[in-house]
Amino acid sequence: MKKTVENKKPNTGFKKRFNKYFDELKWLYFEIYKNDENAFDFFCKMLERMYLERAEDLKAWDKKRTKDSGWYKDNKREGMLLYVDNFADTVKGVQEHLDYLDETGVNYLHLMPLLESPEGRSDGGYAVSDFRKVDPKLGTMDDLLALSEECHKKDISICLDFVMNHTSEDHIWAKSAKAGDRTAQERYFFFDDWRVPNEFEKTVPQVFPTTAPGNFTWCPEVGKVVMTTFYPYQWDLNYRNPTVFNDMTENMLFLCNQGVDIVRLDATPYIWKTPGTTCRNLPEVHTLVRMMKIAAEIVCPGTLLLGEVVMEPKEVVPYFGTVEKPECDLLYNVTTMASLWHTVATHDTRLLQHQLYSTFSLPKEYVFLNYLRCHDDIGWGLDYNYLEQFGVEEVNHKKYLNDFFRGYIYGSEARGELYNDDPTLGDARLCGTTASLSGIEAAEYERDEIKKETGIKLDIMLHAFLFSLSGIPVLYSGDEIGQLNDYTYHEDPLRREDSRYLHRGKFSWEDAKKKTNKKTREGRIYSAIRDLREMRKKHKAFFAEADTWLIPTGNDCVVAFGRYFENEKVICMFNFSNMQQRIYTAEQEEYKDLFTNEKIKADCVDLQPYEYRWIALKYKN
Ligand code: GLC
């Protein structure tokens, strides 16, 4: 249970950190909130209060983490992203299944939003009506605290969403605003008529053009228009109001005090709005994120911030801040993910190589969270400027990818569904599980063993690619056993408009039982991922801080890159084609295949369809 320190003065650690950051914090705060002394004073006192409320065992955890500040940069981290209800019904249920997660190598557990959120108007939990209450269907705050305590014993870190851009229209602030309370209305963007909203609409893109068109909603209770970038029931918070920033930072720290180790800043780029702009990635967003990072550093220094920045490549990296003044500790490697699926559909690795090249040249302090699939759709945010040289045009290419992943193209066995198809822009995105997008679902339906074998090989190779990258590989729950799409959402009136539910099915514990049977899809994928994990753990070349570089192969179907750390070099290679490919490299030395122990020369290698290899070489001191 939570042990709080009451009526105690903050210890020297807190004071030291507070003093260390005070100048910068004040500078940033005064810049954005126009020298508002009172608000700043409240903010500082709030930090102290949250520190005093922090349990002793969490403070000890902070100490442990800060002593080993690179703990998340080694080769032993593996994450999983899951919905509490889909996985184990409740928070307590997750605790009961910790052994499964532990056995699956998970030491970073991202629980999808679990705070109170109105049924049918929740956007999968992303419309929070109370930031301090777990959804009663899932459990209580005490359950979360108990789970985090248990996780910490097993060295598992918990990641939780902090949905900061908006609240549910049922949040107490929104309810008061509806009742006419002007102070509460000032927490949101209210307009007396449509004039200003219409001006915004000229420059602000739409997030859900089909399921929730427009960025504003009429609020009949007060006869005003309210800003709702996402769904109409998700009201955008106005961070120009320092009270909003103060209270939301307090809410974030409250979650950290429940044992949350990694805070996922949901929809980070959206939190500052200025007319005449896209209202994405504005400079003020970076100031706010940096201040939140400082707040966490002062109150709970063991905590990491993960930015959800699903944007074009050039917008993502700035959210790391600088090495000296970091903003987010972790960011999603979203462009690599999208480029990877592009490569699956084209069998051409040039874009992927180009993308790897740009990530390889970033400072090693920047840690990415790598993933194949998550709870959201795949948006085709590729580097079209690069693709242009090959005659690839954005709209046509998106159409090709969406056709490919729905199995509409000859030779494609993928089974996905479109998401938010906007015919005017030709900008549809895509949903589906890794296994279904790899062709396994179609093959099983057709009972075609050869196709199934190909699908499984592709699925495993994609995971091998994931485990080869620097950073934290995060599996989407169910992918470890190759779970297929779930079409039942079509029958659910509350969900059928949102095709993301295609890959948000219930975890099948029945199928999970097959994980040890290598004759099954579940067993094949589960054991292959286990082997990858074990191998990755054995070799320091997989540290986030290893050197990484591309290796030319003379074959566009294959991507190969090297990793080097402390006298060990590993070359990872992947054949993205469904045919055998030969590669030639300038590597003259003799390597050892990490999985088969075979000796291998890397200057000329034949790779089978969807084959991957990790080969290694040790240098003598
Ligand atoms: C994030 C979430 C997404 C949600 C949106 C609105 O992008 O990943 O699922 O719909 O934020 O909160």
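Scanning the range 232-254 for residues that are open to solvent by 20 Å² or more (accessible area, probe 1.4 Å) and among the aromatic types (Phe, Trp, Tyr) yields a total of 2. The single residue among 565, 576, 543 that is more than 21 Å from residue 455 (Cβ to Cβ), under 25 Å from the mean Cα position of the chain (by Cα) and touching a residue at least 12 places away in the same chain (Cβ under 8 Å) turns out to be 543. Taking the condition of being within 18 Å of residue 459 (Cα to Cα), open to solvent by 10 Å² or more (accessible area, probe 1.4 Å) and at pLDDT 95 or above, how many residues in the range 395-411 meet it? Matching residues across the range 395-411 total 3. From the list 103, 37, the one residue that fits, being open to solvent by 20 Å² or more (accessible area, probe 1.4 Å) and either within 30 Å of residue 508 (Cβ to Cβ) or within 29 Å of the chain's Cα centre (by Cα) (or both), is 103. Just one of the numbered conditions (1) open to solvent by less than 40 Å² (accessible area, probe 1.4 Å); (2) not assigned by TED's automatic domain parsing to the domain that holds residue 445 is not true of residue 323: (1).
Among the residues of the range 229-240, write down those that are within 11 Å of the ligand (Cβ to nearest atom) and either under 16 Å from residue 200 (Cα atoms) or part of a strand (DSSP E or B) (or both). Result: 229, 230, 234, 236. Taken as a whole, the condition of being modelled with pLDDT under 95 and either closer than 24 Å to residue 246 by Cα or more than 16 Å from the ligand (Cβ to nearest atom) (or both) applies to residue 317. Scanning the range 599-620 for residues that are without any contact (Cβ under 8 Å) to a residue 60 or more places away in the chain, open to solvent by less than 40 Å² (accessible area, probe 1.4 Å) and under 16 Å from residue 535 (Cβ atoms) gives 600, 613, 615, 617. Per the listing 459, 422, the residue uniquely open to solvent by less than 50 Å² (accessible area, probe 1.4 Å), within 25 Å of residue 212 (Cα to Cα) and either out of contact with any strand residue (DSSP E or B) (no Cβ under 8 Å at 6 or more places or on another chain) or part of a helix (DSSP H, G or I) (or both) is 422. Mind checking which residues of the range 25-58 are in contact (Cβ under 8 Å) with a residue 60 or more places away in the chain, part of a helix (DSSP H, G or I) and farther than 27 Å from residue 262 by Cα? Residue satisfying the conditions is 31 alone. For the range 196-231, filtered to residues that are aliphatic (A, V, I, L, M) and open to solvent by 30 Å² or more (accessible area, probe 1.4 Å), the residue that is nearest to the chain's Cα centre (by Cα) is 196.
Where helices (runs of 4 or more DSSP H) sit wholly within the range 60-127, those with at least 3 residues that are away from the ligand (no atom under 16 Å from the Cβ) occupy 91-96, 98-103. Per the conditions (1) among the basic types (Lys, Arg); (2) buried (at least 17 other Cβ atoms within 10 Å of the Cβ); (3) in contact with a Leu (Cβ under 9 Å, 6 or more places away or on another chain), the sole criterion not satisfied by residue 77 is (3).
The values are calculated or read from the model by the stated rules, or taken from the named source; none is laboratory data. In this text, all values refer to a predicted model and were calculated from it rather than measured experimentally. FYI the Cβ positions are ideal-geometry reconstructions off the backbone, even for glycines, and counts take in every protein chain you see. The accessibility values were calculated without ligands, DNA or RNA, using every heavy atom of the protein model including side chains. Shrake-Rupley method; radii C 1.70, N 1.55, O 1.52, S 1.80 Å.
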